[in-house]
Each structure stands twice: as C-alpha cells, then as structure tokens.
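Here is the structure we will look at.
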Ligand SMILES: C[S@@+](CC[C@H](N)C(=O)[O-])C[C@H]1O[C@@H](n2cnc3c(N)ncnc32)[C@H](O)[C@@H]1O
C-alpha cells in the first residue's frame, strides 16, 4: 500500500486507499504547519526546527511522512536537504483536498505565529547573499561578539525625556523598572504579588528614584494624570478584564502621556498558557487596537514583533498609544 500511495500524481481519487493515504498524512498538526511553510518556501530541516520550535527528530519524522505521500520533495544542497511542497502535477483531487486544508487553516493562530518566525528566519539568510556579502554580512555578528546585546537597549532608553515619571504596571521582579531608572526622573512599579515585589525591592535597592507599590492593575494606587509614561509588559494575559486595566492605565497618564503594551500575540499553545497561569491565549492585534481606543487612547499603533531567534515562547506584539489631550476625565 505504501508504494501505491507514494506519488500523489499516480493516485486515482476513486481508489479509497489513495484518499485515505492523503488524509492520513494531512491529519497531523505538525505536518499541516510544515506544509503551510513549504508551500511557498524551500526550507532546510534546521530552519524548520527553528520556525516550528520542535526538535530535529520530530521535524524529520513528519517530513518523511509527507515525502512518502508525495506532498513534499527534497533536494540536497551541501550537507543539508532542502524541502518544498510540490503538488503541481498531483492528482486534481489531492490538490482540491489541499485547497480545502489551506482554507481551513487560514485563521489558525499557530500558522500566523509560524509565518512570523519564517519571515525572521528568511531575513537571516540575507547576509550571505548579494549586497550583504562580505564585511557588511559579518557586521551584525561581529557587533554582538565585540560589544554584546544590551548597549542597544541602553541607547534607546537614552531617548526618553529625563524629566519623565514612568509607571511600570505589573512590574514583576523589577527588571524593566531597574533598566528605566537611570534614564528618567522617577519609576513607579506596581504589582499585586508580594513575592514579586520582594525580588523587585532587592533588585532596585540602590536606586533612589524607584518607588514600588503593592496594588492591583484594576485599581492602581496612583493619582489620575500623574505619569508621563506607562508600561504594561507581559501582564495583560493575566487579568480578567483587560479593558478595565487599560482604562486604569489611561487614567494615570497625563494628557499626551504615552502607554506601551507588549504581550503575547494570539496563539494556540494551551499547555503554555496552563503552565504560565495565564487567563488567555494572547491578543489579536485588531483586538488590542480596539481595547486601546476604547480606553480613550489616541495615535494607537499595534504591530507583531519579529520573534527573537532564541525565544521559545509565542511571538509578541507591541502596542503604543497616547493619552488623548482632549479627553477630560472625571476621577
Ligand atoms: C509575567 S509577569 C511580568 C512582569 C514584568 N512586567 C516583566 O516584563 O518582567 C506579570 C506580572 O503581573 C502581575 N499581575 C498580574 N495580574 C495582576 C493584577 N491584576 N494586578 C497587579 N499585578 C498583576 C503579576 O503579579 C506578575 O508580577
């Protein structure tokens, strides 16, 4: 039966065993994700492992099933094999099955996350080609080797107005609070967890412009209009009512003050959510935009972030917004 099914082109849709073979090979989330990546790009196993965040043995095992069934082809390049989907000459019924499968996976959050990691991985290929060949191609790596990663963040922080008061909302162990402190007048960290605040206190002990407050994001222990900037980093997936929290964040900003939200993009990794104690599977960018507008914020911009090559979690989004100077709130 395996050899009968081997090539999609040789199969007849009227033979049930051919149809069963196609469906069996498609009936797996990892293989569907692989096909969605390989239908437009030729990729190596290492690239697929990186994009799918799966070990090589798993990726190779599923590729073999797809290759046996004729969905993908491979060719050798140097020491590696490159794979791509190729159903140009496949049985029309197999192609229709794939069209249906494509349609049904279009709104799958996992596929959207994979596409983000694919874009980043493809961009990493560029240094070896064309314009980027030679010294320019080596610069990014050399820059990191010689000077590390953190100085770029410090340089960006140097753009902050030195007179600002910034609220780090859901500050956790105070990593960001600590990083901000040298660059602004005052940082106020707020968190409900005594354990997190204890770690933040230890971390910021030597900084005299840091204030840490225990309190909830739904009722911030801060007066209205007292902050120039607000940060909500990786906190909103933990709250029951993100709209209420964003409304509170907007309340404490002065007119023209800036809010920055970074959180998980919508994803399907239920196990990740369970292990991290989050209440929701991330946010869709349009949903985040609506929430920020509803909170009375202006100049709302939301965009997916290019995933960090070493990050194992879901991809993130970045949202920025300004407190509308025209809104007069009664508090
Ligand atoms: C994943 S941590 C992120 C911490 C920090 N922002 C960071 O980027 O490292 C989320 C933090 O939000 C806090 N948090 C969650 N829900 C909260 C709420 N309703 N009120 C106050 N803090 C909350 C948690 O205690 C936790 O410290």
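Here, each number is a calculation from the coordinates, and none is a lab measurement. Source: prediction; values computed, not measured. Note: ideal-geometry Cβ built from the backbone for every residue, glycine included; neighbour counts use all protein chains shown.
Let a ≥ b ≥ c be the square roots of the eigenvalues of the Cα gyration tensor of the chain; is it rounded (a/c under 1.5), or, if not, prolate (a/b larger than b/c) or oblate? If you can, show how the numbers build up before the last one.
On the way: a/c = 2.77, a/b = 1.97, b/c = 1.41.
Prolate shape, in that a/c is at least 1.5 and a/b is the bigger ratio.
Quick one: plug the Kirkwood hydrodynamic radius of region 2-109 (C-alpha pairs) into Stokes-Einstein at 25 °C, 0.890 mPa s, and report D in µm²/s. All intermediate terms of the calculation are to be shown ahead of the outcome.
Details: Rh = 14.1 Å.
Result for D is 174 µm²/s.
Exposure proxy shown here: for 139, 22, the number of other Cβ atoms within 10 Å sets the order, fewest to most, as 139, 22.
Could the peptides 192-201, 168-177, 219-228, 312-321 be put in order, highest first, of the mean number of other beta-carbon atoms found within 10 Å of their residues?
Values: 192-201: 15.1, 168-177: 23.2, 219-228: 16.6, 312-321: 19.2.
Ranking the peptides 192-201, 168-177, 219-228, 312-321 by packing returns 168-177, 312-321, 219-228, 192-201.
What is the order of 267, 62, 41, fewest Cβ neighbours within 10 Å to most?
If I rank by nearby Cβ atoms, fewest first, I get 41, 267, 62.
Here the residues 114, 107, ranked from fewest to most Cβ neighbours within 10 Å of their Cβ, fall in the order 107, 114.
Could you tell me how many cubic angstrom of Cα convex hull volume region 182-297 has per residue? Before the final figure, lay out the partial values.
Details: hull volume 13.1 nm³, N = 116.
Once divided by residue count, the hull of region 182-297 is 113 Å³.
Looking at the square roots a ≥ b ≥ c of the eigenvalues of the Cα gyration tensor of region 270-331, which shape do they give, rounded for a/c under 1.5, prolate if a/b is larger than b/c, or oblate? Cα axes put region 270-331 in the prolate bin. Could you state the angle between the C-alpha long axis of helix 109-125 and the longest principal axis of the C-alpha atoms of the chain, as a value from 0 to 90 degrees rounded to the nearest 10? Approximately 90 degrees, to the nearest 10.
The simple spin-label model puts a point 7 Å past each Cα toward its Cβ; for residue 105 and residue 240 those points are separated by 3.8 nm. In the chain, helices alone account for a calculated mean residue ellipticity at 222 nm of -13000 deg cm²/dmol, with every DSSP H run of four or more residues adding -39,500 (n - 2.57).
Relative contact order, whole percent, for the chain stands at 12, derived from Cα pairs under 8 Å and 6 or more residues apart.
Summary of the geometry: region 17-39 and region 45-106, compared by the centres of their Cα atoms, lie 8 Å apart.
Note on the chain: GNM, Cα springs under 10 Å; of 73, 280, 61, the largest mean-square fluctuation is that of 61. Please work out whether region 47-118 counts as rounded, prolate or oblate from its C-alpha gyration tensor, where a ≥ b ≥ c are the square roots of the eigenvalues and a/c under 1.5 means rounded, while otherwise a/b larger than b/c means prolate and anything else oblate? Here region 47-118 falls in the oblate category. With both residues required to sit in the chain, DSSP beta bridges show an antiparallel share near 50%.
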